[in-house]
Amino acid sequence: MNKKIVTLDEFIIKSQKGHDDATGSLTRLLRDIGIASKIINREVNKAGLVNILGVEGSENTTGDMVQKLDIFANEKIIECLSTSGECAAIVSEENENIVKLPNVNGKKAQYVLVMDPLDGSSNIDVNVSVGTIFGIYKRKSDASGEIEIEDCLQAGVDLVASGYVLYGTSTMLVYTTGHGVNGFTLDPSIGEFCLSHADMKIPASGNYYSVNQGYYLKFDLEMRRYIDHCSDLNLRLRYIGSMVSDIHRILFQGGIFLYPNTRKYPHGKLRLLYECNPMSMIVEQAGGKAITCGLERILAIPVTNIHQKATIAIGSPDMVDEMHKFVERYSAVNA
Ligand code: P6P
């Protein structure tokens, strides 16, 4: 007998019932994100046809300018979240400053969204998977007043929810509200995200490590020794160059993803607020770990700038622990 389909909307509403203080605001916000993801998915899936429909920057058949997909994704999410009035502001990789959303019907918006609307977007041109990363904070300032910078500069431990959408061979939305991780696969025949991976748990260890080997000689000694160790163990190197895709594989099959500091990126390349923190909340909620290459827990790092960078080692707990030991051992040698 076919298993009952549980849609994302049903799941979110059912999950809300478990929280007495739930007012439905977070539910509506999560559903808005689901809607935006479906719209982005439609455009990402036909990206390969752009050359038929008109290259980016040109005019399409209706005379509109064909947009770069990451700009399109950014604007679509802002548009979708501006309708329900649940979100007071958005911090986006695509916007230098905080995007304040208009008040809707006098509603006191409780939440702030942080996001990378289309991470790894350069992969689109070669038909490699990309993703949307998002995190949700409850604002600290009074909801009847203007949004304040402190509402956006919150550590990852204060995240209320986080998730990602992977536009791959299928489109998946994976999210957590701090009570475990659940994965939903988009069924295009009904246009719904359907529960496909309930209560996801990352394997304690795995056979994959994910790092840009091209930077090997630019990593610190301790990171080179750990990467050598992964190679000595005959682990498989898998690196797509799309953070969501690389970490998604590790969440399912076990492994470790590393983006250490280099001379070009002395503080790392990935952004703390809207890349590292949301992915770290998900991995920790699935039983994994996420630390900087300086061995700090990612979620505990104070956020002082909305585009702040961080190094990251994230994945299976036993592998992150082993990397931790290597860094301790060899950085002592380095000191
Ligand atoms: P590199 C994509 O541009 C991105 O922001 C992440 O998705 C990805 O993990 C990383 O950068 C890849 O960076 O330097 O290895 O090309």
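The values are calculated or read from the model by the stated rules, or taken from the named source; none is laboratory data. It should be emphasised that the depicted structure is a prediction, and the values quoted were computed from it without experimental measurement. All Cβ positions, even for glycine, are placed from backbone atoms using ideal geometry, and neighbour counts span all protein chains on display. To get the accessible areas, we keep the full protein, side chains included, count just its heavy atoms, and leave off ligands, DNA and RNA. Shrake-Rupley method; radii C 1.70, N 1.55, O 1.52, S 1.80 Å.
Summed over the residues of the stretch 208-334 and divided among them, the accessible surface reaches 40 Å² per residue at a probe radius of 1.4 Å.
Taking the charge dipole of the stretch 164-261 about its Cα centre, with +1 at Lys and Arg Cβ atoms and -1 at Asp and Glu Cβ atoms, the residue from L186, L237, L217 reaching farthest to the positive side is L217.
In this structure the stretch 8-197 gives 46 Å² per residue of accessible area when probed at 1.4 Å with all protein chains present. What do you get for the angle between helix 25-45 and the principal long axis of the chain? Use alpha-carbon atoms, 0 to 90 degrees, nearest ten. With rounding to tens, the tilt is 80 degrees.
Reducing the stretch 260-285 and the stretch 69-145 to their Cα centroids gives an inter-centroid distance of 19 Å. Taking the stretch 264-303, which trypsin sites (Lys or Arg not before Pro) meet the DSSP loop condition and have no more than 12 other C-beta atoms within 10 Å? For trypsin sites (Lys or Arg not before Pro) across the stretch 264-303 that sit outside H, G, I, E and B with at most 12 neighbouring Cβ atoms in 10 Å, the list reads K264. Any aspartates and glutamates with Cα under 13 Å of the K264 Cα? List them, leaving off those in the same chain fewer than 8 positions away. Result set, ordered by chain and number: D220.
Give the peptides 79-85, 94-100 in descending order of average Cβ contacts within 10 Å, highest first. Walk me through the intermediate numbers first.
On the way: 79-85: 18.0, 94-100: 14.1.
The peptides rank, most packed first, as 79-85, 94-100.
In the chain the Cα-Cα distances spread across 20 Å bins starting at 0 as 31, 57, 12, 0 percent of all pairs.
With N as its number of residues, the stretch 208-334 has a Cα radius of gyration that, divided by 2.2 N^0.38 Å, comes to 0.96. Ignoring lysines fewer than eight residues from K138 along the same chain, the ones with Cα atoms less than 28 angstrom from its Cα are K14, K17, K38, K76, K100, K107, K108, K201, K269, K289, K309. Using a probe of 1.4 angstrom, how much of the accessible area of the stretch 208-334 is carbon and sulfur, in percent? Heavy-atom surface of the stretch 208-334 belonging to carbon and sulfur, 1.4 Å probe: 46 percent.
Rounded to two decimals, what is the ratio between the C-alpha radius of gyration of the stretch 8-197 and 2.2 N^0.38 Å?
On the way: Rg = 16.9 Å, N = 190, 2.2 N^0.38 = 16.2 Å.
It is 1.05.
Rounded to the nearest 20, the Cβ-based charge dipole of the stretch 8-197 about its Cα centre (Lys and Arg +1, Asp and Glu -1) stands at 540 debye.
In the chain, taking the dipole from charged Cβ atoms about the Cα centre, the farthest positive-side position among G288, S92, C80 is held by G288. For the stretch 83-198, the carbon plus sulfur part of the accessible surface works out to 46%, probe radius 1.4 Å. Charge dipole (Cα centre; +1 on Lys/Arg Cβ, -1 on Asp/Glu Cβ; no other charges) of the chain amounts to roughly 600 debye.
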